[in-house]
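So the structure is just underneath, and the comments pick up after that.
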There are 2 protein chains.
Amino acid sequence: MKHIGSQSAKLQYPVYIVSTSSIVGKKEGEGPLGKYFDVILEDLMVEKESWEKAEIEIANKSLNLALEKSGIKLKDIDYIISGDLLNQSMGSNFGIRSMERPYLGIFGACSTIGEALSIGAMIIDGDFATNILVGASSHFCAAEKQFRFPLNLGTQRPLTSTWTVTGDGSAVLSKNGTGPFISGITTGKIVDLGIKDVNNMGAAMAPAAADTICTHFKDFGTSPKDYDVIVTGDLGYVGHELTINLAEKEGFDLSKNYEDCGILIFDRETQDTHSGGSGCACSATTFAGYFYQKLKNKEINKMLFVPTGSLLSQTSSQQGESIPGIAHAVVIESGR
Amino acid sequence: MKHIGSQSAKLQYPVYIVSTSSIVGKKEGEGPLGKYFDVILEDLMVEKESWEKAEIEIANKSLNLALEKSGIKLKDIDYIISGDLLNQSMGSNFGIRSMERPYLGIFGACSTIGEALSIGAMIIDGDFATNILVGASSHFCAAEKQFRFPLNLGTQRPLTSTWTVTGDGSAVLSKNGTGPFISGITTGKIVDLGIKDVNNMGAAMAPAAADTICTHFKDFGTSPKDYDVIVTGDLGYVGHELTINLAEKEGFDLSKNYEDCGILIFDRETQDTHSGGSGCACSATTFAGYFYQKLKNKEINKMLFVPTGSLLSQTSSQQGESIPGIAHAVVIESGR
């Protein structure tokens, strides 16, 4: 049995991440990680007539770029697994529409890339596929319109709010390859401590992040020092600090080597995003651009990648519901 | 390799469907399949304050009922895989929130139960889990409000429209058991022939259904006569006929043993749903209630279950997009 502990699995064989693709918006390109991204868009509309259609185009371009970089032909992709934040996963469904390969649509909000890597790794390790294409996208303008206020209103953003990353991070997983590979996963459960503020998603997600990270250590019998870096998805400054505090209560010291993609992707001083970055593309592009290169260069040998999601909707917020959080952990090693 | 043909997989071991649960609304309970359902609700609000919260309650009750009937404890469920039609999968996320087990949220619109059974079967056969809880829900009132018009407007429904089933169909999959089991899957690709009418989803989904069914036959080297019954999800009268025509062009005769859950669940003469039933719960409850009992009784020994989905959203429709369709096929055998 590959299932270990309460929520985890150890893969029998390495599942290689043979290529990644990262496409981001102008603001992300001007941030500290700018040089690591494949494509930086000047125009957030990418010549389309709506933000949603722009997201579809970005997702499509990025999935195709990951494929191109892998050298694997589309017909040899056994499954596509992807998701996004738009209602009924419009970015993904329409983004992969022309690709004509078996499609497993997922919804994990901003944890989507973690869920995609997890399901993809299990399908390949279970001998059901040789190659799988995964991806996750988000678009600042489309997300603000859908979850908060239309941008044209000019609503003031509170200091706890995060900035949805525009872009798409994709990857090709394969049974065959060298280099960075997935060796284990810990699938998160929903944790909801009652946060209702849609402008404080870091606080809403931190309990789920801490829960998955601590469960991972227990299931694998490891501790923070066994990883070069532990990286959450998009908790931002508020959630990052909360996660450290929550893990400390469980006896794990995250203060030394714990980073958050939402903090890394924007510069706090010059880019004024308040609590940091968020969105499906936040962890997806930061991994696909920045961390994947660090793994390739062996600057990082083992990372615990923990994309985090707020499972809210406009409807749930309007009906006074709190925000359920989730986080999925994936162990990625640098390989040969 | 368990992957066969272009889009399929043959499981190495049987993945047993050890229990199912079906909760439906009053109208579905009055239909031809009424006696097969576990619970028939008198009140579509189930004492909640909104249709969406009612759907959450129905999903939660149904998942718990499937679990109870399986005799398996919640702590022994390794993964929950579920989805629904509400924005950001509100029915599922909030429906399983209290269950505290690893959660893989999926979005396949009305094909969701097919996707859940497929992913669940691969995870169990891949040795990553012993028991998995799967489910899919929909609610007529919530779906009409979200995808078409609020009911209070009294908008006239055209004759091609289908009636979203209120309810939830859930199941427990296990490595261990006897009785009905999953033996193979064919995962669908998106097919979009340009249908834009949100009131004619049968026509939008039929090309995807026919594509998956014909691909399944080719991948497994089978033909319609190798199955006691082939069952699509929610094509209704319009889509059922189109699917027969499309399959015929590929050389497969579906006219003998092909049924559609959307046709079975409501009585055409007395219930006036126009083209039939639809929604995630249409195929999920018809399988969980009706077909599961037929499999248990050996009235059916082998079925090809093909839940079908329209991957539209309010946003995509309003922006003039066509409706991408998808269908996932699952081979279910009656077992010992």
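With the condition kept exactly as written, say whether any residue in region A:197-209 is within 14 Å of chain B (Cβ to nearest Cβ) and more than 21 Å from residue A:113 (Cα to Cα). Yes: one or more hits. Scanning region A:1-29 for residues being in a strand (DSSP E or B), out of contact with any strand residue (DSSP E or B) (no Cβ under 7 Å at 6 or more places or on another chain) and without any contact (Cβ under 8 Å) to a residue 12 or more places away in the chain gives a total of 0.
Looking at B:335, B:279, B:289 in this structure, which one is in contact with a Phe, Trp or Tyr (Cβ under 8 Å, 6 or more places away or on another chain) and at pLDDT below 95?
On the way: B:279 fails: at pLDDT below 95; B:289 fails: at pLDDT below 95.
After ruling out the rest, the residue left standing is B:335.
Of the residues A:56, A:4, A:17, the single one that is β-branched (Val, Ile, Thr), farther than 29 Å from residue B:124 by Cα and either out of contact with any helix residue (DSSP H, G or I) (no Cβ under 6 Å at 6 or more places or on another chain) or within 13 Å of chain B (Cβ to nearest Cβ) (or both) is A:56.
Mind checking which residues of region A:75-102 are among the hydrophobic types (A, V, I, L, M, F, W, C) and within 14 Å of residue A:58 (Cβ to Cβ)?
A:85, A:86, A:90, A:94, A:96, listed by residue number.
Kindly provide the set of residues from region A:216-243 that are in contact with a Ser or Thr (Cβ under 6 Å, 6 or more places away or on another chain) and either in a helix (DSSP H, G or I) or under 18 Å from residue A:301 (Cα atoms) (or both), ordered by number. Answer for region A:216-243, where residues must be in contact with a Ser or Thr (Cβ under 6 Å, 6 or more places away or on another chain) and either in a helix (DSSP H, G or I) or under 18 Å from residue A:301 (Cα atoms) (or both): A:216, A:217, A:219, A:232, A:236, A:237, A:238. Please specify each residue of region B:261-283 satisfying the condition of being among the aliphatic types (A, V, I, L, M) and part of a helix (DSSP H, G or I). Selection gives B:263, B:264, B:281. Residue count for region A:39-59, restricted to those that are assigned to a loop (DSSP other than H, G, I, E, B) and crowded, with 20+ Cβ neighbours inside 10 Å: 1. For region A:79-89, the criterion of being in contact with a Lys or Arg (Cβ under 8 Å, 6 or more places away or on another chain) and at pLDDT 95 or above is met by at least one residue. If you go through region A:285-317 and keep only what is within 20 Å of residue A:243 (Cα to Cα), hydrophobic (A, V, I, L, M, F, W, C) and in a helix (DSSP H, G or I), you end up with just A:287.
Take residue A:32 and decide whether it is in a loop (DSSP other than H, G, I, E, B) and more than 14 Å from chain B (Cβ to nearest Cβ). Quick ask: steps written out before the conclusion?
On the way: in a loop (DSSP other than H, G, I, E, B): yes; more than 14 Å from chain B (Cβ to nearest Cβ): yes.
Judged against the criteria, residue A:32 is a match.
Screening residue A:48 with (1) out of contact with any helix residue (DSSP H, G or I) (no Cβ under 7 Å at 6 or more places or on another chain); (2) without any contact (Cβ under 8 Å) to a residue 12 or more places away in the chain; (3) within 11 Å of chain B (Cβ to nearest Cβ) gives one miss only, at (1).
The values are calculated or read from the model by the stated rules, or taken from the named source; none is laboratory data. It should be emphasised that the depicted structure is a prediction, and the values quoted were computed from it without experimental measurement. With ideal geometry, Cβ positions are generated from the backbone for all residues, glycine too; neighbour counts draw on all protein chains shown.
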